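Taking it in order: structure first as structure tokens, then the write-up.
The values are calculated or read from the model by the stated rules, or taken from the named source; none is laboratory data. Only a predicted model underlies this, so the values are computations on that prediction, with no experimental measurement involved. With ideal geometry, Cβ positions are generated from the backbone for all residues, glycine too; neighbour counts draw on all protein chains shown. Please note that ligands, DNA and RNA were not included when accessible areas were found on the heavy atoms of the full protein model with its side chains. Shrake-Rupley method; radii C 1.70, N 1.55, O 1.52, S 1.80 Å.
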Amino acid sequence: MTLAPIDLLASVVHLRPGGTIHAGPRAPVPEPDGGGWRLRACHARTDADVHAGRWQVHPEAEEIVSCLIGKIRLHLRPERPGRQEEVIRLGAGTAAIVPRGRWHRIGLDTPSTVLAVTLPDGTRLEDPARARDRTATPKAGRR
């Protein structure tokens, strides 16, 4: 097997059950990956690059969100009505773990490079501009 560099900003890395890792081109719409964890990185110049207005939730696993370069805000939707949104500020080299099943979104304070790792099964996205909730990745059977 020949080793080659992986452009993390143009790829998605699948950490599969059984210990194998597969890197491939990033699809415009997330596709089912056959199980396992997914690592994604992006360089964002504006809030639009991280879809700052779009909430997401991962019901099958926690997610680690890391700011590698720059400064970002991790917004957590209130768990109960009447409570305020939580905002965690992440600077270069820091990360936060989003609890399983917690709605969240990212915003930028400066252009940033962000890395996220989660189990994508069952991930749902909610775009307030369209006021709809859809499934981004069909839930696969437990492995």
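Summary table
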| item | result |
| --- | --- |
| Lone unmet requirement of (1) surrounded by fewer than 17 Cβ atoms within 10 Å (Cβ to Cβ); (2) more than 12 Å from the chain's Cα centre (by Cα); (3) over 19 Å from Leu125 (Cβ atoms) for Gly70 | (1) |
| Failed criterion for His75 (all others in (1) under 13 Å from the mean Cα position of the chain (by Cα); (2) open to solvent by 40 Å² or more (accessible area, probe 1.4 Å); (3) of a type outside the set (Gly, Ala, Ser); (4) modelled with pLDDT of 95 or more hold) | (2) |
| Hits in the stretch 17-35 - residues which are at pLDDT 90 or above, open to solvent by less than 70 Å² (accessible area, probe 1.4 Å) and in a loop (DSSP other than H, G, I, E, B) | Gly19 |
| Residues that are over 15 Å from Val57 (Cα atoms), hydrophobic (A, V, I, L, M, F, W, C) and at pLDDT 90 or above, drawn from the stretch 97-143 | Leu108, Val114, Leu115 |
| Of all residues in the stretch 45-67 being farther than 11 Å from Ser112 by Cα and of a type in the set (Asp, Glu), the one that is nearest to the chain's Cα centre (by Cα) | Glu63 |
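Residue-wise test of (1) buried (at least 17 other Cβ atoms within 10 Å of the Cβ); (2) in contact (Cβ under 8 Å) with a residue 24 or more places away in the chain.
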position: His43; (1), (2): no, yes
position: Asp49; (1), (2): no, yes
position: Glu63; (1), (2): yes, yes
position: Arg80; (1), (2): no, no
position: Val98; (1), (2): yes, yes
position: Arg105; (1), (2): yes, yes
